[in-house]
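**Q** Dropping the structure in here first, questions after.
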Amino acid sequence: MYKMGAEIFSTVIAVSIILFLLTATIVVAIVNYNRKQQMYQQEKKILREEYEQLLLKSQIEVQELTYRHVAKELHDNVGQLMSTTKMLLGITELNTPNPSHTLIAANNTMQKAILELRLLSRSLDGDWISQFDFSENLSVESKRINSGGKITMTINNDGITSLEVSKQIILFRIVQEAVQNAIKHANPSLINVNVERRDSLKVIIENNGEKLPLQIDGMGVRNMMNRAKVLGGKISWSTVNGLTRVELDLGNT
């Protein structure tokens, strides 16, 4: 009886050990499977993000090529036509004993238009990529806006710039798009651009025009969001103290 009990006990122990080992094997297999699944999902996420970044960069490069083509057309074709027209107006004014106020005004207006066209062409041209400077081009954009006499654009720039040139160009395009959107849709009289570095690098574009619509959408907005993603930043729209604000936060760039 004692021997039989010992055998039963040994059998129970053996079965228990086998069950424990089997259970442990299953648990380890499940843990390994879950770990591999997590690694796969993580790799898949990284690949997807890399693909999206590559796609966004490709879209931006295509847009820059388009800007460059437009700039060339403005300079070589439209600019030349306007310069010729300005020259003809000048000759007519000189050969007229008492030129009319209309002729003088037309000549002056054409001069202003040529200046603005040159500034616009320069802001679109990417051939100066190796020597691009965000602050300088932002100043050029401000002069172009202010030359119209209807809008005052001010700049407060104390946060730039340790950014590499390619990122400065992307940042400038975001600001340029925000300014053009304000002019096109909000009809402002004042636009402020503030670049500041505290805990992070922030660029804030404010205008005193019409309020934001309930839904913010459109190609310009999507372009700004895509460019912000390429820079690894966040962009938001809000109304602060009656001013429409576009805020770009680039973190510790």
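**Q** Give the peptides 146-156, 15-25, 238-248 in descending order of average Cβ contacts within 10 Å, highest first.
**A** 238-248, 146-156, 15-25
**Q** Calculate, for ILE104 and VAL78, the FRET efficiency according to 1/(1 + (r/R0)^6) with r their C-beta to C-beta distance and R0 22 Å; round to the nearest 0.05. Each step should come with its number before you reach the end.
**A** Details: r = 23 Å, r/R0 = 1.06.
Result of the calculation: an efficiency of 0.40.
**Q** What is the total of Lys pairs in the stretch 128-253 with C-alpha atoms under 28 Å apart, excluding same-chain pairs fewer than 8 positions apart?
**A** The number of close lysine pairs in the stretch 128-253 is 21.
**Q** Hey, any idea what the orientation-averaged projected area of the convex hull of the stretch 128-253's Cα atoms comes to, in nm²?
**A** On the way: hull surface 30.1 nm².
It is 7.5 nm².
**Q** Under a 5 Å amide H to amide H cut-off, with H placed in plane at 1.01 Å, what residues pair with MET153 once short-range neighbours are removed?
**A** Under 5 Å from the amide H of MET153 lie the amide H atoms of ASN146, ILE191, each far enough along the sequence or on another chain.
**Q** Would you pull out the residues with amide H under 5 Å of SER200's amide H, same chain only if 5 or more places away, H placed 1.01 Å from N?
**A** none
**Q** Whole-Hz Karplus ³J(HN,Hα) for the stretch 141-150, in order, using 6.51 cos²θ - 1.76 cosθ + 1.60 and θ = phi - 60°, x for Gly and Pro?
**A** Once θ is set to phi - 60°, the couplings for the stretch 141-150 become 4, 4, 4, 5, 5, 5, 5, x, x, 9 Hz.
**Q** Further, regarding this structure: When Lys and Arg each count +1 and Asp and Glu each count -1, what net charge do the other residues less than 12 Å away from VAL179, Cβ to Cβ, add up to?
**A** 0
**Q** Given the C-alpha centroids of the stretch 136-193 and the stretch 222-253, what is the distance between them in whole angstrom?
**A** Using only Cα atoms to place each centre, the spacing works out to 14 Å.
Values in this text are rule-based calculations from the coordinates and carry no lab data. Computed from a prediction, not measured in an experiment: that's the story for all the values here. Here the Cβ is made from the backbone with ideal geometry for all residues, glycine too, and neighbour counts use every protein chain on show.
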